[in-house]
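Taking it in order: structure first as structure tokens, then the write-up.
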Amino acid sequence: MTDKQFHRIEDFWQEASFLSWTLGKDPVAAAWWENWLLEHPQQAPLLEEARQLLLAVQIKEHPLPDAEIAGHVSEIIQQLPTTGGEVSWLNWRAAAIAIGVLLLSGGAWLLTRHQSSPAPLAGIPDHALTEMVNNTGKPVTFPMKDGSTIILEPGAHIRYSREWGKDDRTVYLEGKAAFDVQQHQERPFIVNTGDIQTVVLGTTFTVTAGLQHQNVLVAVQHGKVAIRKNKEAAKEEMILLPNQEADYEASSGKLSKTLIPAPLAQVVVKHQEDFIFNDTPVSTVFEKLEKVYSIRLMYDTATLKSCTITANLNKEAFYDKLDLICKALGLSYQEVDGQLMINGKGCKNN
Amino acid sequence: MHTIRENIYHLEEGQLLTCWQQFLEGNSEAFGQIISCYYAALFQYGIKIHADKAFVQDSIQDMATDLWSKRERLSRQVHVKSYLFKSLRHKMIRQLQRRDVQQRHLLLWGQGAREPFDAEFSVEAAIIDNETDRQRKQLLHDSLKSLSPRQQEIIYLRYFQNLEHDQVAAIMKLSRVAVYNLLSSSLKRLKSQIGPLSGIALLLSGKYF
């Protein structure tokens, strides 16, 4: 390419690196052309003209939201003819990877913080499994046959049975991933992470934590999740509601429930006046918070009976809202078992 | 033009090849990834062949189903993007020809094959503050519009979908030389009709250097 002559505008246009510089902003090509320009200063006007003409031309792009693409692709995948399909498998890498699951949109996320080597799956020969690995630097979206979507974070991989989607929707996950799960009551969606199992039934999520050496953090953003310690005979369940998280500490076997750091609104706040209060009884304010964030607030209604709030809290995040209310009324709150206990002496009648 | 929207389904080259091979072995999720990766590009391309959004999307779905059904006969080493583009183009044009046949009760096979394409060009010069530039802009716009569908399609595939000459040739079922010549003639034609764009270029040059 270095010997090439550029006499006409179209000579530039025929050059791939010229296009990737002008249109794609390719830094390597940019460096090459800047250097070329130093050697051919007399060509600068022609080069610039070739660039500008190319840059001035636009084509109409038709809007297509990512969510719509996801919908169409999952429809395509679901309607693929199933006959004669052989499912592939790959040997999974035995690399130690931090384990985590992220369940989003109608889900919960789960993150184990411990490193572990993936072990062969009990009772399931490796050759019966398909594996998808994300060895890129970015999250990769996998549309599944049942219409669910799995977004694998870099380094994460999932394995699942050849028969996946027929009776059973179990995936084995190493690393961190987000799940958007389609509801099928009779076919639970199960996410296995090492010893830990998360069972998703429609909008209800069950996370089962195993014992060995992995700490697990499960946070529910929407929906409902039950967590079980897998190896205990009595399968005691902890129910997680939206905006709650469970922290499982493997060494002590302790499972505790807290609120997630930044609770999300569970219902769409439609009207501007939704968090605008004007001499509003605090119980009404709390009810609204409970409804929107699905977080249980516990307080003594009798004590707070005469407390009212006048404020615009539309823009604040959940904890900022709560802090402002509590500060205004001289209240305090503490988190107990994933719920908020509000204490205070109440308000004097004006 | 060229704010390239980030593709959240983007696959690196190696990942794409792995997916393709897994797809050939029957992995529908890998196939889904490939389709996700190119869905937006295919959609934008398809809509330039025929402006009916639903028709384009149905065609992408049909194309994907066809590919899936014949996966055992597909090559392991392909340029995935141009292969998908070629398949979609073929699917859409056949379907459009069929419609023509039905509507006009004519047999059109092999004769006057319809290959519509509207790249929907526009010219956007950031700063235009005089009549000369306005006229040039209009001229460039008119010239682009006056290109044949084929010429528009070649420019579109080459420059807006960043495909190589031989990939464009494969998609449009032309020889590489034909693509080269068609491209060259379109560019010459554009240039001759517009004359130097130095006015616009001068105004814009601050933006890029």
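The values are calculated or read from the model by the stated rules, or taken from the named source; none is laboratory data. Computed from a predicted structure; not experimentally measured. Every residue, glycine as well, gets a Cβ built from its backbone with ideal geometry; the counts of neighbours run over all protein chains shown. When the accessible area is computed, the model is the full protein with side chains, heavy atoms only, and any ligands, DNA or RNA have been set aside. Shrake-Rupley method; radii C 1.70, N 1.55, O 1.52, S 1.80 Å.
With every protein chain in place and a 1.4 angstrom probe, the accessible-area ranking of B:R99, B:R73, A:R296, A:R51, largest first, reads B:R73, A:R296, B:R99, A:R51.
The residues A:E34, A:E153, sorted by heavy-atom accessible surface at 1.4 Å with ligands and nucleic acids left out, run A:E34, A:E153 from largest to smallest. Other residues within the sphere of radius under 12 Å centred on the Cβ of A:Q182, judged by their own Cβ, net out at 0 (K and R +1, D and E -1). Computed over Cα pairs, the Kirkwood radius of the range A:9-56 leads via Stokes-Einstein (1.306 mPa s, 10 °C) to a diffusion coefficient of 151 µm² per second. Residues A:V133, B:V56, sorted by accessible area with the largest first, give A:V133, B:V56 [1.4 Å probe; ligands and nucleic acids excluded]. Counting heavy atoms of the protein chains alone, A:M341 has an accessible area of about 70 Å² for a 1.4 Å probe.
Pairs with C-alpha atoms separated by more than 31 Å, drawn from the list B:K53/B:K137; A:K4/B:K48; A:K315/B:K48, are A:K4/B:K48; A:K315/B:K48.
Based on alpha-carbon atoms, the Kirkwood radius and the radius of gyration of the range A:272-343 give Rg/Rh equal to 0.92.
For B:L16, tell me the accessible area in Å² from a 1.4 Å probe, rounded to the nearest 10. Probe radius 1.4 Å; accessible area of B:L16 about 20 Å². Counting heavy atoms of the protein chains alone, B:F160 has an accessible area of about 40 Å² for a 1.4 Å probe.
Assign unit charges at the C-beta atoms only (+1 for Lys and Arg, -1 for Asp and Glu), then state the dipole size of the range A:9-56 relative to its Cα centre in Debye, rounded to the nearest 20. List each step's numbers first, then the result.
Numbers: 2 positive and 8 negative charges, 34 e Å.
With Lys and Arg at +1 and Asp and Glu at -1, about 160 debye.
Inter-part distance, the range A:35-54 to the range A:302-350, computed on C-alpha centroids, equals 66 Å. Measuring against 18 Å, Cα to Cα, the residue pairs A:K60/B:K188; A:K145/A:K176; A:K305/A:K345; A:K138/A:K176 contain A:K60/B:K188; A:K145/A:K176 as the ones spanning a longer distance.
The modelled label-to-label distance between A:D167 and A:S332, using points 7 Å beyond Cα along the C-beta direction, is 5.7 nm. Here the range B:22-73 and the range B:152-175 have alpha carbon centers that stand 19 Å from each other.
Rounded to the nearest 100 Å², what's the accessible area chains A and B bury against each other, both chains counted, probe 1.4 Å? Working shown, then result.
Working: alone 19730 and 12690 Å², together 26560 Å².
Counting protein atoms only, the buried area is about 5900 Å².
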